[in-house]
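Engineer: One structure, as structure tokens, below. Some questions next.
Just so you know, all these numbers are worked out from the coordinates, no wet-lab data involved. All figures in this text were calculated on a predicted structure; none of them were measured in a lab. FYI the Cβ positions are ideal-geometry reconstructions off the backbone, even for glycines, and counts take in every protein chain you see.
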Amino acid sequence: MTFFSILFALIAEQFRPVTASHWIRRLSLKWLDWVAGEFGAQKEAGASEVGSRLACLIAFGLPTVLVFIVHVACMLTYPVLAFFWNIAIVYLFFGFRQFSHSFTEIHEAIQNHDLPAARLALGQWLGPELETSDLSETEVIAIALEHAILGSHRHVFGVFFWFLMPLGPAGVVLYRLANIAAKRWASNPGHLGEAARHFFYVLDWIPARVTAMGFAIVGNFEDSVYAWRNLTSKWSDPLDAVLLASGSGALGVRLGEPLREPSSSEALARAEAGELPIYEIGVEPSERTMRSAIGLVWRAVIAWMALLLMLTIALWLG
């Protein structure tokens with residue numbers, strides 16, 4: 001049932017995508033804003049910390065419990081209803097097209113050698129906080145690739161992982177609400193943003209590494225593993241660093257800031273310790289790399305779906 005729930009949700013999302021303006025997205029944002037206003041606005045330091053933790057429990061816990069109760073009730077009464085419930089939840093919180101549509105617009109503009117259109121599409125995707133007017137073509141492609149790698153995990157592979165956990169569809173809701181809140185509450189002046197980031201870090205620690213392994217398997221394995229081990233320092237966020245390092249290595253492309261050149265003393269110390277020097281891998285981002293990124297994501301999706309299908313068949317036969 002799990003395999004077909006994901007499959008039908010994937011098909012439905014291709015025909016009728018759940019965009020950023022979808023009602024479930026608006027409802028989620030309103031719910032998170034209400035919780036933040038009620039429980040995360042305390043002024044005193046101690047109360048703010050307690051209120052932030054309480055806000056996270058309420059914001060993520062209540063919807064998760066509600067979805068889980070409905071799922072269990074359906075399983076105990078009419079299992080076919082649980083099947084449709086699974087499809088509905090995965091479809092509403094999956095969001096494959098939330099990043100692929102914008103990435104495709106940028107890719108098409110780059111293919112047509114229309115840099116202003118690519119800059120405009122990138123700005124519409126990432127919002128006004130990113131100034132795109134002075135970006136070069138290479139920079140536009142690099143930023144688009146980074147956000148596509150992160151988007152594929154947060155909207156696809158991370159959802160896969162939590163749907164396969166015992167919570168089922170409730171795990172999907174928990175993961176996506178925590179991800180949205182970590183971004184939504186980032187600018188909160190109190191402890192709320194920090195609490196949400198920590199909560200999501202715990203939820204995403206294992207899924208991020210599972211996705212990174214998937215990129216390595218379906219892409220350039222050696223470069224992906226090397227980048228994962230040695231190049232994560234190029235990004236400040238530890239979860240993003242794992243995904244971006246592995247994804248860039250799998251694609252054979254350079255992403256992030258260039259590595260800092262080691263001082264002579266550092267280089268000498270590494271040489272005396274018998275450690276190999278750390279070096280950049282891959283080529284500069286290009287239109288060809290964007291095509292490779294599309295193929296990488298789809299190969300990873302097919303690989304995980306094939307694995308899930310084999311597990312489903314094994315359970316049926318067992």
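Engineer: Can you put 92, 150 in order of Cβ neighbours within 10 angstrom, beginning with the fewest?
Structural biologist: 150, 92
Engineer: Residue-wise, which Karplus ³J(HN,Hα) couplings in Hz belong to the range 297-311, taking 6.51 cos²θ - 1.76 cosθ + 1.60, θ = phi - 60°, and x for glycine or proline?
Structural biologist: 5, 5, 5, 5, 4, 5, 4, 5, 5, 5, 5, 5, 5, 5, 5
Engineer: How many nm is it between the label spots at residue 66 and residue 201, if each spot is 7 Å from the Cα in line with the beta carbon?
Structural biologist: Result for the modelled spin labels: 3.0 nm.
Engineer: Quick one: if you stick a label point 7 Å off each Cα along the C-beta vector at residue 19 and residue 131, how many nm between them?
Structural biologist: Using points 7 Å along Cα→Cβ, the separation is 2.9 nm.
Engineer: Consider just the alpha-carbon atoms of the range 1-134 and return their Rg together with their Dmax, both in angstrom.
Structural biologist: 19.9, 59
Engineer: Which Cα, out of 186, 51, 292, lies furthest along the positive dipole direction of the chain (beta carbon charges, K/R +1, D/E -1)?
Structural biologist: Of the options given, the answer is 51.
Engineer: Give the long-range amide H neighbours of residue 253: residues separated by 5 or more places, or on another chain, with amide H under 5 Å away, using H modelled in the peptide plane at 1.01 Å from N.
Structural biologist: Amide H to amide H, under 5 Å and 5 or more residues apart or across chains, residue 253 pairs with 283.
Engineer: Relative contact order of the chain, please, whole-number percent, based on alpha carbon pairs below 8 angstrom and at least 6 residues apart.
Structural biologist: 18
Engineer: Compute the angle between helix 169-184 and the longest alpha-carbon principal axis of the chain, please, reported from 0 to 90 degrees and rounded to the nearest 10.
Structural biologist: For 169-184 against the chain, the angle is about 50 degrees.
Engineer: For the pair residue 309 and residue 209, what calculated FRET efficiency results from E = 1/(1 + (r/R0)^6), where r is the Cβ-Cβ distance and R0 = 30 Å, to the nearest 0.05?
Structural biologist: That pair, residue 209 with residue 309, gives E of 0.85.
Engineer: Nearest 10 degrees, 0 to 90: what angle lies between the long axis of helix 221-230 and the longest principal axis of the chain (Cα atoms)?
Structural biologist: 90
Engineer: Find the Rg to Rh ratio for the range 2-317, where Rh is the Kirkwood radius over alpha-carbon pairs and Rg uses the same atoms.
Structural biologist: Here the Rg-to-Rh quotient is 1.00.
Engineer: Evaluate the charge dipole of the chain about its Cα centre and quote only its size in Debye, nearest 20, assuming +1 on the Cβ of each Lys and Arg and -1 on the Cβ of each Asp and Glu.
Structural biologist: The dipole magnitude comes to about 1200 debye.
Engineer: Something else: If you rank 113, 22, 147 by fewest surrounding Cβ atoms within 10 Å, what's the result?
Structural biologist: The fewest-first ordering by Cβ neighbours comes to 113, 22, 147.
Engineer: Something else now. Can you compute the modelled spin-label distance between residue 38 and residue 11, with each label point 7 Å from Cα toward Cβ, in nm?
Structural biologist: Result: 4.0 nm between the two label points.
Engineer: At 222 nm, what value in deg cm²/dmol follows for the chain if DSSP H runs of at least 4 each add -39500 (n - 2.57) and the sum is divided by all its residues, to the nearest 500?
Structural biologist: Estimated from H runs of four or more residues: -24000 deg cm²/dmol.
Engineer: Separate question: Students often get this wrong: which residues of the range 111-153 have the backbone nitrogen under 14 Å from the point 7 angstrom along Cα-to-C-beta of residue 283?
Structural biologist: None, by backbone N distance to the label point.
Engineer: Find the centroid of the Cα atoms in the range 111-146 and in the range 1-35, then give the distance between the two in whole Å.
Structural biologist: What the calculation gives is 26 Å, centre to centre.
Engineer: Turning to a different aspect of this structure: Comparing 177, 54, 239, which has the greatest mean-square fluctuation in the GNM of the chain with Cα pairs linked when under 10 Å apart?
Structural biologist: Checking each option, the largest mean-square fluctuation is seen for 54.
Engineer: Once the piece of chain linking residue 233 and residue 316 is laid out straight, how much longer is it, given 0.36 nm per residue of separation minus the C-alpha distance between them? Write out the running numbers ahead of the final one.
Structural biologist: On the way: separation 83, 0.36 × 83 = 29.88 nm, distance 4.47 nm.
Here the answer is 25.4 nm.
Engineer: To continue, here is another question. Considering only 202, 28, 317, whose Cα is most displaced toward the positive end of the charge dipole of the chain, charges sitting on Cβ of Lys, Arg (+1) and Asp, Glu (-1)?
Structural biologist: The Cα lying farthest towards the positive end belongs to 317.
Engineer: Okay, next question. Neighbouring Cβ atoms within 10 Å as the yardstick, rank 30, 183, 234 fewest first. Please list the in-between numbers first.
Structural biologist: Working: 30 10, 183 14, 234 19.
So the residues, fewest neighbours to most, are 30, 183, 234.
Engineer: Given R₀ = 51 Å, FRET efficiency for residue 1-residue 113 by Cβ-Cβ distance, to 0.05?
Structural biologist: Taking R0 as 51 Å, the efficiency between residue 1 and residue 113 is 0.60.
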